[in-house]
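Undergrad: Once you've had a glance at the structure underneath, I'll fire off some questions.
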Amino acid sequence: MDKGKGKEFIIDLNDEDFDYQYDSIVKTESDEEAILVSDKIFNDLTVEDVWNMEFSLVEEAEEFYNLFAKVTGFSVRKDDVKRDKNQNIVSHKAQLNAMRGVGMGTSQIMDYMVQQSGGYNNVGFTKKDLYNHVDADRRVHLRDGDAEGALAYLCGKSEMDPSFYYKYNVNEDNHLANLFWANSTSKLDYGCFGDVLAFDTTYRTNAYKKPLMRVLALILGSWRLFLDAMNNKKPLSVITDGDKAMRKAIKRIFPDSCHRLCAWHIQRNAFTNVHVKDFTNHFSKCMFMEGTVEEFECAWNDMLEMFNLHGHKWVTDIYAKRSRWVEAYLRGHFFATMKNTQRCESMNAYLNRFLKTHLKLFEFVKHFDRALSRIRHNEAKAKFETHHSSAVLTTKLYALEKYAGIVFTRQSFLKFRDEMKNAELFFPVSTENHGGYRVHTLTKFRSPDKIWKVCYGNSDRSMKCTCMMFESVGFPCPHMIVVMKIEHLEEIPETCIMKR
């Protein structure tokens with residue numbers, strides 16, 4: 001071995017005394033005695049000594065690090081010791097463990113190695129490599145070795161990400177029972193966009209047949225831990241597939257949140273439980289009708305009379321839950337255009353490319369992390385395209401459309417442009433002035449019996465429409481766009497843009 005900084009520290013692996021001491025360590029029956037013997041050699045060994053070691057033979061490096069491992073407790077395989085690109089005999093893995101053995105933390109090790117090497121490119125491995133390696137060394141003492149690996153991986157993630165959150169609990173047998181984790185980006189996303197949660201519980205996603213509960217933009221394993229991780233912010237609305245345990249939990253944990261049942265599941269159940277021709281079509285019309293609660297009730301009773309379904313058990317049961325699936329009852333509650341858990345289903349399909357039922361927990365966590373990283377990459381790409389490209393303008397309302405292309409994300413802009421085209425079907429029939437505001441009454445081409453009223457504030461240009469689309473989905477309805485034309489607005493009022 002060659003010198004350390006500031007002084008000479010030389011160990012001759014061919015020295016008879018050194019061989020004798022090494023043999024003593026190998027042959028001794030007492031671990032304490034072995035440590036005492038090796039301390040004679042390594043008592044003055046510093047971080048600089050470890051980092052600057054050079055060997056003439058791979059076998060010498062392997063022998064030295066194995067000897068040092070007797071003191072510090074790490075293990076060395078022959079594959080850990082090899083030549084670098086400059087043909088020097090080095091072992092980054094062995095060096096790393098040795099530096100940990102003299103009391104350095106992960107961040108200290110990385111900083112020191114970068115400093116000594118003049119940058120990451122010269123260290124021989126990246127920061128990610130370092131943390132991946134450290135993960136395997138940070139074990140939680142559970143009997144389930146697979147759980148240990150998963151927890152070590154998450155522990156390593158928390159060292160790279162100061163805001164990374166993970167917690168778990170164990171059962172009476174000291175085995176992992178529940179696990180929850182969320183990275184800083186997921187937490188930040190929820191803080192900005194966590195108004196609606198869509199849940200889909202899917203089983204058989206790993207070898208233990210444990211459910212993975214997916215939440216848009218984050219992972220959820222426990223309600224209480226979820227609130228703890230998200231600074232106790234509760235969502236405005238929740239969409240589920242109708243699971244009874246989920247419904248009870250939402251009522252208890254999120255009592256003020258509006259709970260909606262997935263429209264797709266409701267329609268499927270209608271088809272499965274009521275075997276009457278054309279019933280499903282009429283049922284769907286009642287579900288999505290744009291009218292008032294009173295209009296829904298009338299349409300519902302007409303449907304019961306038409307198909308003679310008074311007293312039908314499923315129809316009676318689903319009617320009792322109408323406040324959670326009928327559009328007339330849910331209008332005005334913000335759901336970000338979602339009426340079902342379809343986004344969860346599409347997420348399932350995406351994750352199936354990464355997750356298989358045979359995966360162990362440690363593999364499962366890593367593969368899920370890969371999938372999440374890919375999603376983040378796609379989000380960054382979409383953000384780049386929004387900020388560094390111009391939207392294609394296709395309507396006659398050039399100024400308004402151009403402004404929408406600036407203030408909205410590209411995906412939201414396309415939705416808004418569709419509503420601009422829908423606005424061509426509506427036209428005003430009257431305007432009433434009420435001091436500080438005006439009320440515009442609109443009707444629709446070929447539907448003269450239907451009217452919508454838009455209240456427009458003169459001072460702040462605020463708008464409120466009786467259709468309540470803005471409150472429900474988050475961007476202006478076609479009736480508001482008609483009023484923007486009437487009022488000669490070239491920019492979308494700030495009150496009509498959600499701060500998200």
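Undergrad: Could you pull out every residue, at least 5 positions away or on a different chain, whose amide H is within less than 5 Å of the one on R260? Hs are placed 1.01 Å off N in the peptide plane, and Pro or chain starts have none.
TA: Those qualifying (amide H under 5 Å, at least 5 residues apart or on another chain) are V238, I239, T240.
Undergrad: Separate question: Fully extended, how many nm does the chain gain between S462 and N281 (0.36 nm per residue separation, minus their Cα-Cα distance)?
TA: 61.4 nm
Undergrad: Still on this structure, please answer the following. Using the beta-carbon distance between E424 and F193 and R0 = 30 Å, what value does 1/(1 + (r/R0)^6) give for FRET efficiency, to the nearest 0.05?
TA: 0.45
Undergrad: Structure shown: which of K453/K499; K157/K251; K321/K383 lie over 29 Å apart, alpha-carbon to alpha-carbon?
TA: Pairs exceeding 29 Å: K157/K251; K321/K383.
Undergrad: What is the order of H388, H310, fewest Cβ neighbours within 10 Å to most?
TA: Ranking H388, H310 by Cβ neighbours within 10 Å, fewest first, gives H388, H310.
Undergrad: Under a point spin-label approximation (7 Å from Cα along Cα-to-Cβ), what is the R252-S373 distance to one decimal in nm?
TA: Reported label-point gap for R252 and S373 is 3.8 nm.
Undergrad: What are the residues whose amide H is under 5 Å from the amide H of N178, where those residues sit 5 or more places off or on another chain and H is modelled from the backbone?
TA: Those lying under 5 Å, H to H, from N178 are N169.
Undergrad: I would also like to ask the following. Quick check: pseudo-label points 7 Å beyond the Cα along Cα→Cβ at C455 and R268, how many nm apart are they?
TA: Distance between label points: 4.1 nm.
Undergrad: Explain nothing, just compute: Karplus ³J(HN,Hα) = 6.51 cos²θ - 1.76 cosθ + 1.60, θ = phi - 60°, for every residue of segment 294-304 in order, whole Hz, x for Gly and Pro.
TA: In residue order, the calculated couplings are 4, 5, 4, 4, 5, 5, 5, 5, 4, 5, 4 Hz.
Undergrad: Let me ask something else. So how much slack lies between A177 and K313, counting 0.36 nm per residue of separation and subtracting their Cα-Cα distance, in nm?
TA: 45.1 nm
Undergrad: Next question. Would you mind calculating the gained length between N352 and A299 on full extension (0.36 nm times residue separation, minus the Cα-Cα distance), in nm to one decimal?
TA: Result for the pair: 15.0 nm of gain on full extension.
Undergrad: Summing Lys, Arg as +1 and Asp, Glu as -1, what charge do residues with Cβ under 15 Å from the Cβ of E490 carry, E490 excluded?
TA: Around E490, the charge tally is 0.
Undergrad: May I ask you to sort E494, E327 by Cβ crowding, counting other Cβ atoms within 10 Å and putting the fewest first?
TA: Ordered by Cβ neighbours within 10 Å, fewest first: E494, E327.
Undergrad: Here is a follow-up. Count the net charge of all other residues whose Cβ sits under 11 Å from the Cβ of F427, scoring Lys and Arg as +1 and Asp and Glu as -1.
TA: +1
Undergrad: Now for a separate question. Near G291, within a Cβ-to-Cβ distance under 11 Å, what is the net charge of the other residues, with Lys and Arg +1 and Asp and Glu -1?
TA: Cβ neighbours under 11 Å give a net charge of -2.
Values in this text are rule-based calculations from the coordinates and carry no lab data. Bear in mind the structure is a predicted one, so any value in this text is a computation, not a measurement. As a convention, Cβ positions derive from the backbone with ideal geometry for all residues, glycine included, and neighbour counts pool all protein chains shown.
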